[in-house]
Structure formats: structure tokens, C-alpha cells
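Engineer: Please find one structure pasted underneath; my questions will follow.
The values are calculated or read from the model by the stated rules, or taken from the named source; none is laboratory data. The structure displayed is predicted, hence computed values, not measured ones. Reconstructed Cβ throughout: ideal geometry from the backbone, glycine too, with neighbour counts over all protein chains shown.
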Amino acid sequence: MTRFVALLRGINVGGVRIKMADLGALFTDLGFDNVRTVLASGNVLFDADGTAPDLKARIERALSDTFAYDAYVFVHPQSYLAAVVDAYPFDENVDGRHAYAVFVADDSVLDELAGIGATLDPAVEQIAVGDGVVYWEVVKGETIGSAFGKKVGASRFKTVTTNRNLRTVRKLL
């Protein structure tokens, strides 16, 4: 069995509300072992056999059927998240700044997001591209209003991106 992390996009931040106890129960009902939810923002650790794409499809279908919403889930082995944290290219301990990892499931979107890096104001934010992820450092309070924040927040990216604060990713390890 492999230890996986499921990152659910868009729950408990808008109209979709799911209790973590209910989320954990759903993962257990799917036959996964050692299920643990982390924070209320849709992070689930679990052990399972199978591939990430197959698990993603099962989880999305079960979430959509159970909670009646269009579910978008990113499933990765926990070891991948460790590599993401290890490769973070900026100083994550700068006062007044947030450190994020934006997980991207489509290479063309990754390229598009990377393409705006040179246009960003480094006094506000900076990005760097990693393996299936865009690393993002931004001034606290500017996350949603920054140029990259607006770009990555576009509705057309909701099926292929989700972001997590690096502190959250560390908790998942």
C-alpha cells in the first residue's frame, strides 16, 4: 500500500460545506486505510493500492454522488508532497509573506501560469515552476488581488489547479 494525499478543491471556502468527519467516513467507505483529515480545507491522508489517476476518479465520483457537487481532487503519493516542500525555491520564513504551492494537473496550464512570471512585481510576488507545481511567494493580504492570484483564480483553471500554503503541505507530511 502507498500513503496518498487527496487535495480537494473548493470545499469549505464557498458554498460547498463538508464536515471532516463525513469526509473521513467517505474515504473509509471507499475501502482506504489509515484515513486522516487535516484541517477543514479538504486534505485527506490515506493508504491504498492503485494508481493516483484511478484513485482520483473513484474519489471524485464518490464525492460528487455523496455531497452533490462537482468534485475536483488532486491525488498524489505523500512522497511527492515531500519533494514539493524540499524543492520550494524561496525563503518561506519572510515576515509579511505567504509561501504557496499551486498544484497543476495540466502541463499547458503550468506553462501558461509560468509565462506570467516575468511580468510580476517582485515587491508583491514571485513564482517558480517545479514538477507539476508553481511555487508562489506573495505579500500577506495581496493573495487574491495580486496579478498571479487573479490569474490562478480564474474559473477556467478550477478543474486543474489547487493551492495550499506550504505550512499546510508540511502538516500533510
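Engineer: Is one or more of the residues making up region 90-102 in a strand (DSSP E or B), β-branched (V, I, T) and assigned by TED's automatic domain parsing to the domain that holds W136? Outline the logic, then answer.
Structural biologist: First pass over region 90-102, keeping only residues in a strand (DSSP E or B): 97-102.
After this cut, where a residue has to be β-branched (V, I, T) as well, the list is 102.
If we keep only those that are assigned by TED's automatic domain parsing to the domain that holds W136 as well, we get 102.
Yes; the residues of region 90-102 include at least one that is in a strand (DSSP E or B), β-branched (V, I, T) and assigned by TED's automatic domain parsing to the domain that holds W136.
Engineer: Is it the case, given these coordinates, that T159 is β-branched (V, I, T) and farther than 24 Å from D86 by Cβ? Before you say what the answer is, go through the steps one by one.
Structural biologist: Values: β-branched (V, I, T): yes; farther than 24 Å from D86 by Cβ: yes.
Considered against the rule, which asks whether it is β-branched (V, I, T) and farther than 24 Å from D86 by Cβ, T159 comes out as yes.
Engineer: Being out of contact with any helix residue (DSSP H, G or I) (no Cβ under 7 Å at 6 or more places or on another chain), among the β-branched types (V, I, T) and modelled with pLDDT of 95 or more is the requirement here; does V139 meet it?
Structural biologist: On the way: out of contact with any helix residue (DSSP H, G or I) (no Cβ under 7 Å at 6 or more places or on another chain): yes; among the β-branched types (V, I, T): yes; modelled with pLDDT of 95 or more: yes.
Considered against the rule, which asks whether it is out of contact with any helix residue (DSSP H, G or I) (no Cβ under 7 Å at 6 or more places or on another chain), among the β-branched types (V, I, T) and modelled with pLDDT of 95 or more, V139 comes out as yes.
Engineer: Collect the residues in region 4-21 that are in contact (Cβ under 8 Å) with a residue 12 or more places away in the chain and either among the charged types (D, E, K, R) or crowded, with 17+ Cβ neighbours inside 10 Å (or both), keeping them in residue-number order.
Structural biologist: Correct list: F4, V5, A6, L7, L8, R9, I11, V16, I18, M20.
Engineer: Among the residues of region 69-89 satisfying the criterion of being of a type outside the set (F, W, Y) and assigned to a helix (DSSP H, G or I), which is nearest to F27 (Cα to Cα)?
Structural biologist: Start the filter on region 69-89 by keeping residues that are of a type outside the set (F, W, Y), which leaves 70-71, 73, 75-79, 81-87, 89.
When the remaining residues are screened for being assigned to a helix (DSSP H, G or I), the result is 78-79, 81-86.
Values: Q78: 16, S79: 20, L81: 20, A82: 22, A83: 25, V84: 24, V85: 25, D86: 28 Å.
Filtering first and then ranking leaves Q78.
Engineer: Filter region 46-68 for residues that are hydrophobic (A, V, I, L, M, F, W, C), in a helix (DSSP H, G or I) and more than 18 Å from the chain's Cα centre (by Cα); which is farthest from A6 (Cα to Cα)? Explain how you work it out, then say what you get.
Structural biologist: So in region 46-68, the residues hydrophobic (A, V, I, L, M, F, W, C) come out as 46, 48, 52, 55, 57, 59, 62-63, 67-68.
Narrowing further to those that are in a helix (DSSP H, G or I): 52, 55, 57, 59, 62-63, 67.
Filter once more, so that each one left must be more than 18 Å from the chain's Cα centre (by Cα): 62, 67.
Working: A62: 13, F67: 16 Å.
In this case the residue turns out to be F67.
Engineer: Check whether at least one residue in region 29-45 is surrounded by 14 or more Cβ atoms within 10 Å (Cβ to Cβ) and either acidic (D, E) or part of a helix (DSSP H, G or I) (or both), and report yes or no.
Structural biologist: No - not one qualifying residue is present in region 29-45.
Engineer: So which of F148, F74, F90 ends up being among the aromatic types (F, W, Y) and closer than 26 Å to G50 by Cα?
Structural biologist: Details: F148 fails: closer than 26 Å to G50 by Cα; F90 fails: closer than 26 Å to G50 by Cα.
That would be F74, the only listed residue that is among the aromatic types (F, W, Y) and closer than 26 Å to G50 by Cα.
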